[in-house]
Amino acid sequence: MRYVTIDTQSDSGSDTCPSTEKQKDLGRLLVNELIEIGLQDSHMDEYGYVYATVPANTEKDNVPVVCFCSHMDTAPDCSGTGVKPIIHKNYQGQDLILPDDPSQIIRLADHPHLKDQIRNDVITASGTTLLGADNKAGVAEIMDACYHLMNHPEIKHGQIRILFTPDEEIGRGVDKVDMQKLGAFAGYTMDGESAGNMENENFSADGAKLIIHGISAHPGFAKGKMQSAIKIAGQVVAALPYDLSPEGTEGMQGFIHPVSIEGHIETAQINFIIRDFNDDLLKQHADVIRKITEDILKKFPGCNYELKTHSQYRNMKSVLDQHPQIVEYGMEAMRRAGLNARLCSIRGGTDGSRLSFMGLPCPNIFAGEHAFHSKHEWVSVQDMQKAVETILHLCMIWEEKV
């Protein structure tokens, strides 16, 4: 409840790290709380990354170092300023009318996971902002686990590393991580949805930039001369197949998604994100954009285009499959916490997907967050408690298995 009131929205238009200085406001608070708990090496670096260590308390000297990670920023999609969290105690299945904007109603019919929360305590925002459970629920869970570990020495564990990152929501969450300082063998991001879910697979991602070169002319004398790059761009977007769009796909299906258009008569640019679980299909999706553009340009002699693609992140499953115990221990920890453990894929990316390719295999464990990036975002206290239990069991399992 305390963390979500701190505005930590990131900004993709900024070139700094962190992209917004206000993210450090939460970082400083976390460092102080970690030191109070007893994690004396806790600190925040110049880039806004928070590092800390729960010292090992086992007599075994070969327990692998495990890291738990969550991000501090909230999404730019919805305001994170002035968040007022509300606890709806003993939820009974009713619609939740958010008081600061009564038109914002979290309905059971629209949020079927709420049926699993009967008699639980559900936290929402007040109707004018997102909540920030993505990912401050994960932050809170890791903080609570640290407190419990430091106050219950009977729980035997190896060294536990803590990492809180900025700018995950804009795809730059691990750009400045000091992997040598982190020094962990395995990691777990706490940034997933329903209790019992673990994600070992994510979209592979490319970005694409389509630049269309038209022909400019004075509009008063344009007949037979002007070929508007803006209008060509509009035709390209209109021709994209529905079954390759985010709104037309689900499960393991990939998509092509135009996220912005800018330009003028002579030059226009469309920025795309391309996603698929199969790396080979990313190139095929880019070829779809290329073919559509070339077909449309046949009607516009003298115009041409450029298509530039770049890699953003890749499916972490290829790394995690080389270290199966990391996922197996996570599943066992959730079962020990009394949950129905489910292995899932995520139609997106996490810090863990990039960390996996930086040398830290890192699946994603549930944090309990739902309806991300919206005014209807919610999380339950009981799901968060189960996430804490999962962290504690993971710490014990890594120590036991040596």
(1) open to solvent by less than 50 Å² (accessible area, probe 1.4 Å); (2) at pLDDT below 95 all hold for LEU131 apart from (2)
Considering region 8-21, residues that are surrounded by fewer than 19 Cβ atoms within 10 Å (Cβ to Cβ) and not hydroxyl-bearing (Ser, Thr, Tyr), and then whichever is farthest from ARG172 (Cα to Cα), we arrive at GLU21
Just one listed residue, out of LEU163, LEU210, is touching a strand residue (DSSP E or B) at 6+ places or on another chain (Cβ under 9 Å), aliphatic (A, V, I, L, M) and under 30 Å from LEU297 (Cβ atoms), and it is LEU210
message: On the basis of being touching an Asp or Glu at 6+ places or on another chain (Cβ under 8 Å), closer than 26 Å to GLY251 by Cα, buried (at least 21 other Cβ atoms within 10 Å of the Cβ) and among the basic types (Lys, Arg), does LYS375 make the cut?
response: yes
query: Got at least one residue in region 64-82 being over 23 Å from the mean Cα position of the chain (by Cα), over 24 Å from LEU163 (Cα atoms), of a type outside the set (A, V, I, L, M) and surrounded by fewer than 13 Cβ atoms within 10 Å (Cβ to Cβ)?
result: no
Next item on the list: Determine whether ILE35 is open to solvent by less than 70 Å² (accessible area, probe 1.4 Å) and either in contact (Cβ under 8 Å) with a residue 60 or more places away in the chain or closer than 30 Å to LEU394 by Cβ (or both).
Entry: yes
Matching residues in region 259-311 (in contact (Cβ under 8 Å) with a residue 60 or more places away in the chain, of a type in the set (Val, Ile, Thr) and farther than 16 Å from VAL237 by Cα) number 1
Exactly one of PRO85, PRO55, PRO18 is in contact (Cβ under 8 Å) with a residue 24 or more places away in the chain and touching a Gly at 6+ places or on another chain (Cβ under 6 Å), and that one is PRO18
Note on VAL388: of the conditions (1) among the aliphatic types (A, V, I, L, M); (2) buried (at least 24 other Cβ atoms within 10 Å of the Cβ); (3) not in a loop (DSSP other than H, G, I, E, B), unmet is (2)
When you check LYS24 against the structure, is it assigned to a loop (DSSP other than H, G, I, E, B), in contact (Cβ under 8 Å) with a residue 12 or more places away in the chain and among the basic types (Lys, Arg), yes or no?
no
Restricted to region 362-402 and to residues being under 14 Å from the mean Cα position of the chain (by Cα) and of a type in the set (A, V, I, L, M, F, W, C), the residue nearest to GLN322 (Cα to Cα) is CYS362
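The values are calculated or read from the model by the stated rules, or taken from the named source; none is laboratory data. These figures come from a predicted structure and were not determined experimentally. Glycine also receives a Cβ, built like all others from the backbone with ideal geometry; neighbour counts cover every protein chain displayed. Areas reflect the complete protein model, heavy atoms only, side chains present, ligands, DNA and RNA absent. Shrake-Rupley method; radii C 1.70, N 1.55, O 1.52, S 1.80 Å.
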